[in-house]
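Down below is the structure, laid out as structure tokens.
The values are calculated or read from the model by the stated rules, or taken from the named source; none is laboratory data. Computed from a prediction, not measured in an experiment: that's the story for all the values here. Cβ coordinates were reconstructed from backbone atoms using ideal geometry, including for glycine residues, and neighbour counts include every protein chain displayed. When the accessible area is computed, the model is the full protein with side chains, heavy atoms only, and any ligands, DNA or RNA have been set aside. Shrake-Rupley method; radii C 1.70, N 1.55, O 1.52, S 1.80 Å.
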Amino acid sequence: MSIYVIAILFAISIAIILPSLRWLKINYHAVYFENLPKHMVGFRVLQISDLHNRSSKKKTFDIWQKIRKMKENPQKKLPFDIAVITGDVVLRRAGQIIPHREDFVWLASHVPTFYVEGNHDSPHYGKISLFLEECGIKCLYNEKVTIEHNGGLVDVIGTKDFVQLRKEKYAGLCELFADKTHFSVVLTHQPQVWDKFKDSQPDFTLSGHTHGGQVRLPFLPTLYAPRQGIFPKYGRGFYYHGNSKLYVSVGVGATDFPLRFWNRPAIEIFELFEQL
């Protein structure tokens, strides 16, 4: 192989890696449900997952400038009704969340905001949850809260991380889904938790963790996901079980292996519609 070919391949790799690290993508999704309650039509959710901040002094990747610019004119409000953070806000230490304090306070002051732990957060959950609650964010630890929207009610349910749930043999998990009076938005960091409650037919579940494989190749499915292995059952995007829907976000950050390849960081906005 000539040095020119090597140089070209190196340049192409850099051209792929750099956008995968710093070119934030905002994915907009129209999601359709049968028999969607009228008050839920047009309900919009912002999902942030897997920030994996690596420093206690600065943001590894600042997603907030784009979020703060999401203003709808003439109302001058954000184009989502709630925000959810589906785990792994830090990489290794609780203090790594500190650089995002001002942004979390800002977000929670504009819309109801909810958080569930990720596997990287779990060892520091006490400190992280206290920090987020002080910012105005509701932390859900195998809990359900009911909020009002458009004159109707919505259940927001959050689970513990998969590792913790497995240690506890999923105690108390299915009880969260016993009451189906209201439309439910479920937050769980690792998507394989969905297998443990999807038969209860929760309406809409949001997760992350997989990073979409973090390293991807064009036209191929997700190659690997932690705790799922090669060609995982849940890689990225939408999955369905009866009338229940799951979405797996590729998220924002990276783990100890600090690169994303062919896999831009992303946040998600979902808007709900009735299936005609």
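Output the qualifying pairs, or none if there are none: Cβ atoms under 8 angstrom, residues six or more apart or on different chains, first residue in region 121-143 and free of Cβ contacts under 8 Å to residues at least 24 places away in the same chain, second residue outside any helix (DSSP H, G or I) and open to solvent by less than 20 Å² (accessible area, probe 1.4 Å).
Cβ pairs passing all conditions: 125/117; 129/115; 129/117; 129/139; 133/139.
Taking region 109-130, which residues are crowded, with 19+ Cβ neighbours inside 10 Å, touching a helix residue (DSSP H, G or I) at 6+ places or on another chain (Cβ under 6 Å) and either outside any loop (DSSP other than H, G, I, E, B) or among the aliphatic types (A, V, I, L, M) (or both)?
Residues satisfying the conditions are 113, 115, 124, 128.
Spot the failing condition for residue 254; the list is (1) out of contact with any Phe, Trp or Tyr (no Cβ under 8 Å at 6 or more places or on another chain); (2) within 27 Å of residue 23 (Cα to Cα); (3) of a type in the set (Gly, Ala, Ser); (4) surrounded by fewer than 18 Cβ atoms within 10 Å (Cβ to Cβ), and only one is missed.
All conditions pass for residue 254, except number (4).
Can you tell me which residue among 20, 55 is under 18 Å from residue 265 (Cβ atoms) and at pLDDT below 95?
20
Hey, could you check region 139-148 for residues that are assigned to a strand (DSSP E or B) and not charged (D, E, K, R) and say which is least open to solvent (accessible area, probe 1.4 Å)?
The initial filter retains those residues of region 139-148 that are assigned to a strand (DSSP E or B), namely 139, 143-148.
After this cut, where a residue has to be not charged (D, E, K, R) as well, the list is 139, 145-147.
On the way: 139: 5, 145: 33, 146: 70, 147: 30 Å².
Of everything passing the filter in region 139-148, 139 is least open to solvent (accessible area, probe 1.4 Å).
Have a look at 236, 227, 264, 260 and point out the one that is of a type in the set (D, E, K, R), surrounded by fewer than 22 Cβ atoms within 10 Å (Cβ to Cβ) and in contact with a helix residue (DSSP H, G or I) (Cβ under 6 Å, 6 or more places away or on another chain). Talk me through it step by step, then tell me what you get.
Numbers: 236 fails: surrounded by fewer than 22 Cβ atoms within 10 Å (Cβ to Cβ); 227 fails: in contact with a helix residue (DSSP H, G or I) (Cβ under 6 Å, 6 or more places away or on another chain); 260 fails: surrounded by fewer than 22 Cβ atoms within 10 Å (Cβ to Cβ).
Going through 236, 227, 264, 260 in turn, the sole match is 264.
Considering 136, 208, 151, which residue is under 21 Å from residue 51 (Cα atoms), modelled with pLDDT of 95 or more, open to solvent by 20 Å² or more (accessible area, probe 1.4 Å) and not basic (Lys, Arg)?
The unique qualifying residue is 136.
Which of the residues belonging to region 202-222 are in contact (Cβ under 8 Å) with a residue 24 or more places away in the chain and at positive phi? Break it down stepwise before answering.
To start, the set of residues in region 202-222 that are in contact (Cβ under 8 Å) with a residue 24 or more places away in the chain comprises 202-218.
Hits for region 202-222 are 209, 211, 212, 213, 214.
Out of region 174-200, which residues are assigned to a loop (DSSP other than H, G, I, E, B) and at pLDDT 95 or above?
Hits for region 174-200 are 182, 188, 189, 190.
Could you say whether any residue in region 230-246 is without any contact (Cβ under 8 Å) to a residue 60 or more places away in the chain, within 23 Å of residue 114 (Cα to Cα) and of a type in the set (A, V, I, L, M)?
Yes, region 230-246 has at least one match.
How many of the residues making up region 27-59 are under 25 Å from residue 72 (Cβ atoms), part of a strand (DSSP E or B) and touching a strand residue (DSSP E or B) at 6+ places or on another chain (Cβ under 6 Å)? Lay out the reasoning, then the answer.
Just the residues of region 27-59 that are under 25 Å from residue 72 (Cβ atoms), to begin with: 27-33, 36-49, 51.
With part of a strand (DSSP E or B) added as a condition, the list becomes 27-33, 44-48.
Next cut, touching a strand residue (DSSP E or B) at 6+ places or on another chain (Cβ under 6 Å) only: 27-32, 44-48.
The qualifying residues number 11.
On the basis of being part of a helix (DSSP H, G or I), modelled with pLDDT of 75 or more and either touching a His at 6+ places or on another chain (Cβ under 8 Å) or open to solvent by 40 Å² or more (accessible area, probe 1.4 Å) (or both), does residue 66 make the cut? Let's see the steps before the verdict.
On the way: part of a helix (DSSP H, G or I): yes; modelled with pLDDT of 75 or more: yes; either touching a His at 6+ places or on another chain (Cβ under 8 Å) or open to solvent by 40 Å² or more (accessible area, probe 1.4 Å) (or both): yes.
The answer is yes for residue 66.
Does residue 100 satisfy the condition of being closer than 26 Å to residue 213 by Cα, part of a helix (DSSP H, G or I) and touching a Lys or Arg at 6+ places or on another chain (Cβ under 9 Å)?
Answer is yes for this residue.
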